[in-house]
Amino acid sequence: MRRKAENRLEDIAEAAVTCFTDMGIKRTQMADVARTAGVSAGTLYLYVTSKEALFHLAILKVCGRPLDKLPLPLADPGIGETVSVYAARVAEVAEWPALRAARAPGAKPDRATLVAIGGELYDMLHEARRAIWLLDHCAREVPEFDALLSTGMRSHYRDDIATVALKAAGRTGAPDTALRLAARLAIEIIAWAAMHRTKETTANVIDGLDEAGARKTATESFAAVLLAAAGRD
């Protein structure tokens with residue numbers, strides 16, 4: 001019976017991820033998740049005590065945390081704990097050795113360095129895409145998640161990438177507004193190829209494009225945009 005409960009909990013967690021990603025927190029109702037999971041509303045409450053607990057379960061799922069040892073029904077641990085689970089996962093997957101090396105004093109990054117940094121970003125976003133889609137939709141409703149997304153993830157890396165691009169272009173000083181915007185746009189090139197491309201409908205699929213090709217084109221485009229904005233074509 002415990003095994004059956006584990007399987008059903010996985011189904012509920014998957015359904016919660018789908019519903020919260022598609023509709024956000026406020027619009028998602030317990031009945032929506034129950035219907036998506038193929039269980040009754042009454043059964044759902046055997047596994048979670050509230051919608052807040054259900055959202056925490058969704059975060060655990062996309063962050064790759066084990067669900068088999070959770071006490072059932074799962075109670076809401078508070079938004080602080082939910083955010084901490086996500087922040088811990090960000091720290092685990094945010095591996096930037098090429099970016100870190102390029103930021104070091106005396107480093108002399110070049111186009112190949114920027115391509116490598118784009119590759120790091122591509123791999124991270126591709127692996128964590130479900131977690132990012134969920135956060136993107138729900139961050140506007142949870143200030144703590146919005147802060148994590150904007151300052152802990154986006155703006156910090158954007159400015160680091162812009163600084164490296166400036167060095168790669170043989171220039172000194174701090175990146176200006178235009179270069180910081182270019183860095184944001186370059187990140188979006190990677191994000192579309194690594195994540196959003198996988199949601200394209202059949203009508204929009206680019207024939208002949210495989211994962212290796214998408215990664216190669218995206219990382220080279222990433223480097224080209226940064227170098228052009230930094231002052232070297």
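The values are calculated or read from the model by the stated rules, or taken from the named source; none is laboratory data. Since this is a predicted model, take the numbers as computed values, not measurements. Note: ideal-geometry Cβ built from the backbone for every residue, glycine included; neighbour counts use all protein chains shown. Remember, those area values only see protein heavy atoms, side chains included, never the ligands or the DNA or RNA. Shrake-Rupley method; radii C 1.70, N 1.55, O 1.52, S 1.80 Å.
Structural remarks
- Taken together, ALA87, ALA102, ALA91 contain a single residue that is open to solvent by 50 Å² or more (accessible area, probe 1.4 Å), assigned to a helix (DSSP H, G or I) and under 24 Å from LEU125 (Cβ atoms), which is ALA91.
- Annotation for segment 193-207: at least one member residue is open to solvent by less than 40 Å² (accessible area, probe 1.4 Å), at pLDDT 95 or above and part of a helix (DSSP H, G or I).
- Filtered by the rule that a residue be hydrophobic (A, V, I, L, M, F, W, C) and under 24 Å from GLU127 (Cβ atoms), segment 49-84 gives PHE55, LEU57, ALA58, ILE59, LEU60, VAL62, CYS63, LEU67, LEU70, VAL83.
Okay, residues lined up against (1) in contact with a Leu (Cβ under 9 Å, 6 or more places away or on another chain); (2) in a helix (DSSP H, G or I):
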residue: ARG140; (1), (2): no, yes
residue: GLU144; (1), (2): no, yes
residue: HIS156; (1), (2): no, yes
residue: ILE161; (1), (2): yes, yes
residue: THR172; (1), (2): yes, no
residue: PHE222; (1), (2): yes, yes
residue: ALA228; (1), (2): no, yes
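Residues are listed down the side, and each one gets a yes or a no for (1) more than 24 Å from ASP146 (Cβ to Cβ); (2) loosely packed, with under 15 Cβ neighbours inside 10 Å:
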{"residue": "GLU14", "(1), (2)": "yes, no"}
{"residue": "PHE20", "(1), (2)": "no, no"}
{"residue": "GLN29", "(1), (2)": "no, yes"}
{"residue": "LEU57", "(1), (2)": "no, no"}
{"residue": "GLY64", "(1), (2)": "no, yes"}
{"residue": "PRO71", "(1), (2)": "yes, yes"}
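- Filtering ARG130, ARG180, ARG215 for residues that are under 17 Å from TRP96 (Cα atoms), open to solvent by 50 Å² or more (accessible area, probe 1.4 Å), assigned to a helix (DSSP H, G or I) and among the basic types (Lys, Arg) leaves a single hit, ARG215.
- Criterion (within 30 Å of LYS167 (Cα to Cα) and either hydroxyl-bearing (Ser, Thr, Tyr) or in contact with a Cys (Cβ under 6 Å, 6 or more places away or on another chain) (or both)) met by exactly one of THR113, THR21: THR113
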